[in-house]
1. I need a count of the residues in segment B:122-163 that are of a type in the set (Gly, Ala, Ser), away from every other protein chain (no Cβ under 14 Å) and either open to solvent by less than 70 Å² (accessible area, probe 1.4 Å) or not in a helix (DSSP H, G or I) (or both).
2. Would you pick out the residues in segment B:184-203 that are open to solvent by 40 Å² or more (accessible area, probe 1.4 Å) and in contact with a helix residue (DSSP H, G or I) (Cβ under 6 Å, 6 or more places away or on another chain)?
3. Pick out the one residue from A:114, A:89, A:122, A:68 that is touching a helix residue (DSSP H, G or I) at 6+ places or on another chain (Cβ under 6 Å) and modelled with pLDDT of 90 or more.
4. With more than 24 Å from residue A:156 (Cα to Cα), within 22 Å of the chain's Cα centre (by Cα) and more than 12 Å from every other protein chain (Cβ to nearest Cβ) as the only criterion, which of B:72, B:58 stands out?
5. Starting from segment B:274-286, keep only residues that are open to solvent by 20 Å² or more (accessible area, probe 1.4 Å), then list their pairs with residues that are modelled with pLDDT under 80 whose Cβ atoms are within a distance under 6 Å, requiring at least 6 positions of separation or different chains.
6. Mind checking whether some residue in segment B:84-91 is at the interface with chain A (Cβ under 7 Å from one of its Cβ atoms) and not hydroxyl-bearing (Ser, Thr, Tyr)?
7. Only residues that are among the charged types (D, E, K, R), part of a helix (DSSP H, G or I) and open to solvent by 70 Å² or more (accessible area, probe 1.4 Å): list them for segment A:1-53, please.
8. Answer with yes or no whether residue B:93 is part of a loop (DSSP other than H, G, I, E, B) and within 24 Å of residue A:8 (Cα to Cα).
Amino acid sequence: MEKSDILCLIYTIFVFFLLYLPIAHLVAFSFNDSMSVHYPWIKFTLDWYIGPITAVKAGFINDPMVMICLQNSLIQAAVTTLITIAVTIPTALALRKRFRGRNLIFYFLLLGMIYPGVTLGISNLLIFTQWLHVPLGLLTVSSTVAVYTIPFGLFLLMVRFDPMLARYEEAALTLGASAWKVFRTVTFPIIKLEVIVVALFAYTLAFGEIMRSFFVASVNFPVLPAFLYVEFGAHPPIPKFYALGSTITLISIVSILIIGLYMSRGGGLLRRSTVVSERA
Amino acid sequence: MATKRSRALEWLSTPLLLSPAIIMLVIFLILGLVYGLNISLVSNGGYTLQNYATVFEGYSDTLLFTLSMSAGITIILAVLCLPVAYYLAIRVKSDTIKLVALLLMLVPFWTDWNIRAISWYPVLGATGFFNIIYSVILQSLGFQNVEPLRILFTSSGVWLSWIQTYILFMIAPVYLVLLRMDPKLIKAAATLRANSVKTFYHITLKWAAPGLVIGSVFVFCMAMADYATPSLIGGQMPVIGFVIWILAAKAMAFDLAIALSAIVLAIIIALVVAMLKLVDVTRVMY
């Protein structure tokens with residue numbers, strides 16, 4: 001190992017230390033038997049997870065408001081994921097071809113990623129309430145958040161496409177299969193893993209999204225990020241929310257592991273040369 | 001006959017396949033924008049620029065402050081990410097380590113925004129992790145009565161949290177462009193007796209530049225409109241995103257909120273257009 005390599009390694013480790021320091025504290029203080037979320041750490045307790053609602057240290061699973069918001073957010077993220085998948089698969093398939101205006105369409109679709117979330121939230125709130133007169137709820141949140149998740153899904157699908165895919169499709173079409181049949185029997189089975197990755201990515205992203213969801217959620221359909229944002233704006237956070245956060249983070253890490261397992265086959269993001277599929 | 005049919009399908013299929021995405025974006029992004037802009041331009045029954053004049057006058061300082069915060073995080077992340085991306089793309093040989101490292105950077109971005117913000121409280125607070133380390137170091141150097149550092153509810157706290165949030169957007173493009181660089185170039189430079197500074201400047205930085213441009217534009221734009229992090233970690237710091245949030249959510253002044261948003265959006269669009277002139281994004285991405 002050269003000297004510069006060791007320096008780079010130390011630097012990389014330092015960056016990861018910085019990224020995981022707060023996460024470690026989040027978990028540590030969720031088990032702390034104290035009302036405060038500051039040092040010193042006193043002693044271990046599970047109260048912030050499962051403590052009865054009547055106790056001073058009530059666990060988050062016994063807090064009805066948290067659980068309703070959690071449930072709504074889980075449903076909302078699922079609907080957002082469905083929209084994302086339904087939109088990104090055909091788009092990514094179409095963008096494989098080179099045609100006039102292709103780059104323009106690609107940039108247009110990426111717009112949702114950097115478009116200011118607060119602006120998207122407010123302007124969608126206005127068209128939903130003042131113009132379309134639809135009640136705020138599940139669908140308004142999901143469709144607004146999907147504008148944000150679609151570019152991520154699209155990008156993930158596009159970097160991972162099997163270069164042989166188009167040839168298989170062509171072969172099936174030449175043999176007389178209909179376009180839908182080709183998709184069902186050839187395309188989808190080949191891109192299945194990529195779709196799972198996109199789904200997990202979109203789900204997790206949609207679940208914790210605050211910037212856009214805040215404005216288009218409603219009292220009838222409160223979502224977790226909006227609830228927490230108002231809560232933390234009004235009171236300093238108590239360890240109950242650290243317990244909730246640790247649980248959510250744990251679930252994120254598990255889904256990341258699943259993604260990792262799938263991505264480690266093939267490997268479009270990892271190799272220097274163009275992807276040569278194992279399936280080809 | 002079959003080829004004729006498949007050609008016809010091919011010709012038809014592109015617009016058909018693209019339509020869900022286009023419809024989705026037109027309805028939920030463009031339409032909202034047009035409707036909002038219309039509201040911001042109307043006041044007292046006619047079209048005026050009154051709202052724009054009001055927000056320019058009232059919030060030009062806020063705008064400048066926000067631009068400096070965003071520029072700060074962009075520079076911090078560029079400096080932070082270049083060596084890490086270089087190390088992962090060029091030096092690390094194992095695919096598993098690369099994958100694990102990239103995924104580990106995804107975890108913080110994936111966590112709920114509010115949860116990510118509050119997880120910094122025990123680290124940055126007056127009795128937080130950083131202050132404990134700080135006072136231990138100073139006391140070991142012989143200083144007594146160490147005043148705690150103020151990090152929480154300041155811009156450095158916001159920057160730290162932003163590093164955690166946006167690191168992926170800087171590292172991914174830089175990593176992707178460096179993956180395509182031939183590591184032999186560095187050896188060649190050494191053979192030609194370039195010192196490490198020259199090698200870095202003429203080879204690594206040149207190759208990383210398109211990635212750095214893309215990453216910077218992404219980070220800058222996202223940071224500029226963020227309201228959750230500056231309000232939770234910055235102690236309701238007056239950045240433009242948070243002002244827009246207050247105007248819309250508390251004051252219900254949607255016309256002013258949209259007018260201010262339009263200014264932010266104009267800056268973002270200008271940056272993106274400049275970026276597209278500088279680098280070919282599609283070539284970097286796949």
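1. Within segment B:122-163, the subset of a type in the set (Gly, Ala, Ser) is B:125-126, B:128, B:135, B:140, B:142, B:155-157, B:161.
So of that shortlist, the ones also away from every other protein chain (no Cβ under 14 Å) come out as B:140, B:142, B:155.
Narrowing further to those that are either open to solvent by less than 70 Å² (accessible area, probe 1.4 Å) or not in a helix (DSSP H, G or I) (or both): B:142, B:155.
The total comes to 2.
2. Scanning segment B:184-203 gives a single hit, B:185.
3. A:122
4. Every option except B:72 fails the conditions.
5. So the pair list comes out as B:286/A:159.
6. Yes - at least one qualifying residue is present in segment B:84-91.
7. Across segment A:1-53, the qualifying residue is only A:3.
8. yes
The values are calculated or read from the model by the stated rules, or taken from the named source; none is laboratory data. Note that the structure is predicted; figures quoted are calculated from it, not measured. Positions of Cβ are generated from backbone atoms using ideal geometry, with glycine treated the same way; all protein chains shown enter the neighbour counts. Only protein heavy atoms, including side chains, enter the accessible area calculation; ligands, DNA and RNA are left aside. Shrake-Rupley method; radii C 1.70, N 1.55, O 1.52, S 1.80 Å.
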